[in-house]
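Colleague: This is the structure I want to talk about, given as structure tokens.
The values are calculated or read from the model by the stated rules, or taken from the named source; none is laboratory data. Computed from a predicted structure; not experimentally measured. Backbone-built Cβ (ideal geometry, glycine too); neighbour counts: all protein chains shown.
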Amino acid sequence: MAEPALSIRGLTKVYGNGFQALKGIDLDVQQGDFFALLGPNGAGKSTTLGVVCSLVQKSEGKVSIFGIDIDKDFAKAKYQLGVVPQEFNFNQFEKVLDIVLAQAGYYGMTRREALPRAEQLLRDLGLWDKRNGNARMLSGGMKRRLMIARALMHRPKLLILDEPTAGVDIELRRSMWEYMRRINQDEGTTIILTTHYLEEAESLCRNIAIINHGEIVRNTSVRELLAELDTETFLLDLAEPVSQPPVIEGFEITQVEPSQLALVIHRGQQLNDVFSVLSEQGMQVVSMRNRANRLEEMFVSMVEAGNNAIDKRAELNKEAQA
Amino acid sequence: MNATQTLVALWTLVLKEIKRFTRIWPQTLLPPSITMAMYFIIFGNLIGSRIGDMDGFSYMDFIVPGLIMMSVITNSYSNVASSFFSNKFQRSVEELMVSPMPNWVILSGFILGGMARGLGVGLIVTIVSLFFTRLTVEHPLLTVLVVVLTSALFSLGGFINALMANKFDDISIVPTFILTPLTYLGGVFYSISMLPNFWQGVSMLNPILYMVNVFRYGFLGVSDIPVGWALTAIFAFIIVLFFVALTMLERGKGIRS
Ligand SMILES: Nc1ncnc2c1ncn2[C@@H]1O[C@H](COP(=O)(O)OP(=O)(O)OP(=O)(O)O)[C@@H](O)[C@H]1O
Ligand SMILES: [Mg+2]
């Protein structure tokens, strides 16, 4: 099999203030993959990606990009890498076009090579009209797209996006998804992204790793993860408000609002059974929808499980010390 | 990176630095020209005529080299200090860090940018001085050499300052409390032979004195100190500071957590 686009082994990071942000990360991302790195705030996503693109100094561990060890030849590895960081990191007082052209120059691309590439990317990302304006005058969503254009100038084989759609409206987000899908499929660019929108991971990514408290807690395919979901929550809107939720043997029903119920269905259970009991009790369901996103529920439960485990460990430690 | 790519990267960075200070010329190029014109009028013309000769030259001719050098020093230093620090502050330094550019290219790019501003302002001040006096240059090659080396040295100083700085105040401390006093006391306005022995000795510890004197020697052919020795010292300082800056960059001091 081809070298993985990214391979991380035993990666740890202790920041200058003594905080351990990564506790031994192992991760492989295969060439051509569309990979999601998920985790709550402060989990260590940006730290991991920061190590990969040399913005963060690792403490221990090995990182290879297309088989190139970053400790041996980081410059060569960097050619394969395009980075869209979480926070805006361009000079706000420079012109849009100058920013992308300068970045190409840092990779050794002459202006003559860079100019057509810049035009194409800025057009694709809807920024060509703004090319002569200061970056400071772009909207938040435009600034993100500027960073994407900048990252793609030197045609990287691995694109890393740290929360690329944060603060981007739904319509624009969908067009950005379309764009990312295109460069993944048409150009074979491997993409790794972090996000807090699980819908984004579900609709874009093939594989997924979940990180919490500096550890990978899950690393699998999105499909497999979804198949594991054995419960699903539905929201039922009733014609009339009820004073308390109905009790139905074997089903978990809670009241969300006076005329709204939340119903948890386990695998193998029949929605029909619920409906028949409800209508017997004189409650009419006018509409029904899936609660939130399925992946989201799984994610929340996984992170909570992780937090509980940590609380328990802390308790055990306390007991041990007592 | 191959040689061509390295050159392209270096040139990109230098050009960007030059663009930066020319874009904000009212902050970078204009003020030194005005200040120096004031010095020429007040010290050179008005007061200078009463002071009489200094080391056998008219006071105006004596201070011109020193004032040019003073502007080269401050402008080289502050260009690199503020440009690199604002790159840190705006995080655009990350653009450089994620690229395959070697650290020596990054460093050289900023240093050459600082030299472009320092020498550019030096040239403007020289031109302004021509309105007040007729400049003669005794040793043109030496004059150019020493001003270029001095500019490189202080650009390096500004770079190290910016790497260590955490806030904007940190890049004005050195210019205000070290560079300015050392320059004023570095024989820009007087010959140290006017000083009592003890203060002459103290002045000899001031590195800027050597640069000003060698530069003046290039113009006028007279110097308070041995020229060859001073040149060697400046050169040695450049080498040392270059490697200090490069090592700090290599370790990610102030830019990589
Ligand atoms: N420079 C730093 N010094 C000390 N601690 C840091 C530093 N940068 C990050 N941390 C800590 O490391 C942990 C991981 O941070 P990181 O930015 O990797 O999280 P994240 O998963 O990207 O979170 P988010 O979703 O909020 O972006 C956090 O607890 C953070 O406070
Ligand atoms: Mg982050």
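Colleague: What pairs can you find where one residue is in the range B:2-18 and at the interface with another protein chain (Cβ under 8 Å from one of its Cβ atoms), the other is among the charged types (D, E, K, R), and their Cβ atoms are less than 8 Å apart, with a gap of 6+ or different chains?
Modeller: Hits for this filter: B:LYS16/A:ASP98.
Colleague: On to the next question. A:GLY133: within 16 Å of ligand 2 (Cβ to nearest atom) and either over 21 Å from A:VAL52 (Cα atoms) or among the charged types (D, E, K, R) (or both), yes or no? It would help to see each step written out before you state the result.
Modeller: Working: within 16 Å of ligand 2 (Cβ to nearest atom): no; either over 21 Å from A:VAL52 (Cα atoms) or among the charged types (D, E, K, R) (or both): yes.
When the stated conditions are applied, A:GLY133 does not pass them.
Colleague: Let me ask something else. Restricting the search to the range A:199-214, which residues are within 12 Å of ligand 1 (Cβ to nearest atom) and more than 11 Å from A:LEU37 (Cα to Cα)?
Modeller: The answer is A:HIS213, A:GLY214.
Colleague: Does the range A:57-84 hold any residues that are surrounded by fewer than 22 Cβ atoms within 10 Å (Cβ to Cβ) and of a type in the set (A, V, I, L, M, F, W, C), and which are they?
Modeller: A:PHE66, A:ILE68, A:ILE70, A:PHE74, A:ALA75
Colleague: Among the residues of the range A:99-130, write down those that are under 24 Å from B:LEU10 (Cα atoms) and part of a loop (DSSP other than H, G, I, E, B).
Modeller: Once the filter is applied, which keeps residues that are under 24 Å from B:LEU10 (Cα atoms) and part of a loop (DSSP other than H, G, I, E, B), the range A:99-130 yields A:TYR107, A:GLY108, A:MET109, A:THR110.
Colleague: Return the residues of the range A:1-47 that are within 7 Å of ligand 1 (Cβ to nearest atom) and within 14 Å of another protein chain (Cβ to nearest Cβ); say none if nothing qualifies.
Modeller: Across the range A:1-47, the qualifying residues are A:TYR15, A:GLY16, A:ASN17, A:PHE19, A:ALA21, A:GLY44, A:SER46, A:THR47.
Colleague: Continuing with this model, one more query. Between A:ALA209, A:ALA227, which is outside any strand (DSSP E or B), over 19 Å from A:ARG289 (Cα atoms) and of a type outside the set (Phe, Trp, Tyr)? Reasoning before the result, please.
Modeller: Working: A:ALA209 fails: outside any strand (DSSP E or B).
Testing whether each residue is outside any strand (DSSP E or B), over 19 Å from A:ARG289 (Cα atoms) and of a type outside the set (Phe, Trp, Tyr) leaves just A:ALA227.
Colleague: What's the total number of residues in the range A:6-35 that are of a type in the set (D, E, K, R) and within 16 Å of ligand 2 (Cβ to nearest atom)?
Modeller: First, pick out the residues of the range A:6-35 that are of a type in the set (D, E, K, R): A:9, A:13, A:23, A:26, A:28, A:33.
Those left that are additionally within 16 Å of ligand 2 (Cβ to nearest atom): A:13.
Residues that pass the stated criteria total 1.
Colleague: Quick test of your reading of the structure: A:GLU60 fulfils all but one of (1) in contact (Cβ under 8 Å) with a residue 40 or more places away in the chain; (2) within 16 Å of ligand 2 (Cβ to nearest atom); (3) away from chain B (no Cβ under 14 Å). Name the failing condition by number.
Modeller: (2)
Colleague: Now a separate question. Got a sec? Which of A:GLU87, A:GLU3 is part of a loop (DSSP other than H, G, I, E, B), within 16 Å of ligand 2 (Cβ to nearest atom) and not polar (S, T, N, Q)?
Modeller: Details: A:GLU3 fails: within 16 Å of ligand 2 (Cβ to nearest atom).
On inspection, the qualifying residue turns out to be A:GLU87.
Colleague: Would you check if A:GLY67 is within 29 Å of A:GLU304 (Cα to Cα) and away from ligand 2 (no atom under 16 Å from the Cβ)?
Modeller: On the way: within 29 Å of A:GLU304 (Cα to Cα): no; away from ligand 2 (no atom under 16 Å from the Cβ): yes.
Judged against the criteria, A:GLY67 is not a match.
Colleague: Still on this structure, I have one more. Select from the range A:161-180 the residues that are more than 16 Å from ligand 2 (Cβ to nearest atom) and touching a residue at least 60 places away in the same chain (Cβ under 8 Å) and list them in ascending order.
Modeller: Listed by number, the list holds a single entry, A:MET180.
Colleague: Return the only residue of B:GLY56, B:GLY66, B:GLY52, B:GLY48 being modelled with pLDDT under 95, more than 25 Å from the chain's Cα centre (by Cα) and buried (at least 21 other Cβ atoms within 10 Å of the Cβ). Give the derivation first.
Modeller: Values: B:GLY56 fails: buried (at least 21 other Cβ atoms within 10 Å of the Cβ); B:GLY66 fails: more than 25 Å from the chain's Cα centre (by Cα); B:GLY52 fails: buried (at least 21 other Cβ atoms within 10 Å of the Cβ).
Matching residue, one of B:GLY56, B:GLY66, B:GLY52, B:GLY48: B:GLY48.
Colleague: Here's another thing I want to ask about it. Could you check the range A:183-195 and list, in sequence order, the residues that are free of Cβ contacts under 8 Å to residues at least 60 places away in the same chain and either within 16 Å of ligand 2 (Cβ to nearest atom) or assigned to a helix (DSSP H, G or I) (or both)?
Modeller: Those that are free of Cβ contacts under 8 Å to residues at least 60 places away in the same chain and either within 16 Å of ligand 2 (Cβ to nearest atom) or assigned to a helix (DSSP H, G or I) (or both): A:ILE183, A:GLN185.
Colleague: I'm trying to understand the selection: among the residues of the range B:148-176, which are without any contact (Cβ under 8 Å) to a residue 12 or more places away in the chain and of a type in the set (Val, Ile, Thr)?
Modeller: B:ILE173, B:THR176
Colleague: Here's a follow-up. Of the residues that make up the range A:89-111, is at least one crowded, with 24+ Cβ neighbours inside 10 Å, within 17 Å of A:ALA5 (Cα to Cα) and more than 16 Å from ligand 1 (Cβ to nearest atom)?
Modeller: No: the range A:89-111 contains no residue that is crowded, with 24+ Cβ neighbours inside 10 Å, within 17 Å of A:ALA5 (Cα to Cα) and more than 16 Å from ligand 1 (Cβ to nearest atom).
Colleague: Restricting attention to the range A:91-135, and to residues there that are of a type in the set (Lys, Arg) and over 18 Å from B:THR4 (Cβ atoms), which single residue is farthest from the other protein chains (Cβ to nearest Cβ)? Quick ask: steps written out before the conclusion?
Modeller: Just the residues of the range A:91-135 that are of a type in the set (Lys, Arg), to begin with: A:95, A:111-112, A:117, A:123, A:130-131.
In the following step, the residues that additionally are over 18 Å from B:THR4 (Cβ atoms) were identified as A:95, A:123, A:130-131.
Values: A:LYS95: 10, A:ARG123: 22, A:LYS130: 18, A:ARG131: 16 Å.
The selected residue is A:ARG123.
Colleague: Being acidic (Asp, Glu) and either farther than 29 Å from B:GLY187 by Cα or part of a helix (DSSP H, G or I) (or both) is the filter here, so list the residues in the range B:8-64 that pass it. Even if it seems obvious, please write down each step before you answer.
Modeller: Taking the range B:8-64 and keeping what is acidic (Asp, Glu), we get B:17, B:53, B:55, B:61.
Hits for the range B:8-64 are B:GLU17, B:ASP61.
Colleague: Please indicate, with yes or no, whether at least one residue in the range A:36-53 is more than 16 Å from ligand 2 (Cβ to nearest atom) and either part of a strand (DSSP E or B) or in contact with a helix residue (DSSP H, G or I) (Cβ under 6 Å, 6 or more places away or on another chain) (or both). Quick ask: steps written out before the conclusion?
Modeller: Looking only at the range A:36-53, we keep the residues that are more than 16 Å from ligand 2 (Cβ to nearest atom), and these are none.
No, every residue in the range A:36-53 fails to be more than 16 Å from ligand 2 (Cβ to nearest atom) and either part of a strand (DSSP E or B) or in contact with a helix residue (DSSP H, G or I) (Cβ under 6 Å, 6 or more places away or on another chain) (or both).
Colleague: In the range B:81-136, which residues are more than 14 Å from chain A (Cβ to nearest Cβ) and not in a helix (DSSP H, G or I)?
Modeller: Result: B:LEU130, B:PHE131, B:PHE132, B:THR133, B:ARG134, B:LEU135, B:THR136.
Colleague: Please verify whether the range A:149-156 includes one or more residues that are touching a residue at least 40 places away in the same chain (Cβ under 8 Å) and within 17 Å of A:LEU6 (Cβ to Cβ).
Modeller: Yes; the residues of the range A:149-156 include at least one that is touching a residue at least 40 places away in the same chain (Cβ under 8 Å) and within 17 Å of A:LEU6 (Cβ to Cβ).
Colleague: Separate question: Sort out which residues of the range A:164-195 are in contact with a strand residue (DSSP E or B) (Cβ under 8 Å, 6 or more places away or on another chain) and either within 16 Å of ligand 1 (Cβ to nearest atom) or within 14 Å of chain B (Cβ to nearest Cβ) (or both), and write them in order of number.
Modeller: A:PRO164, A:ILE192, A:LEU193, A:THR194, A:THR195
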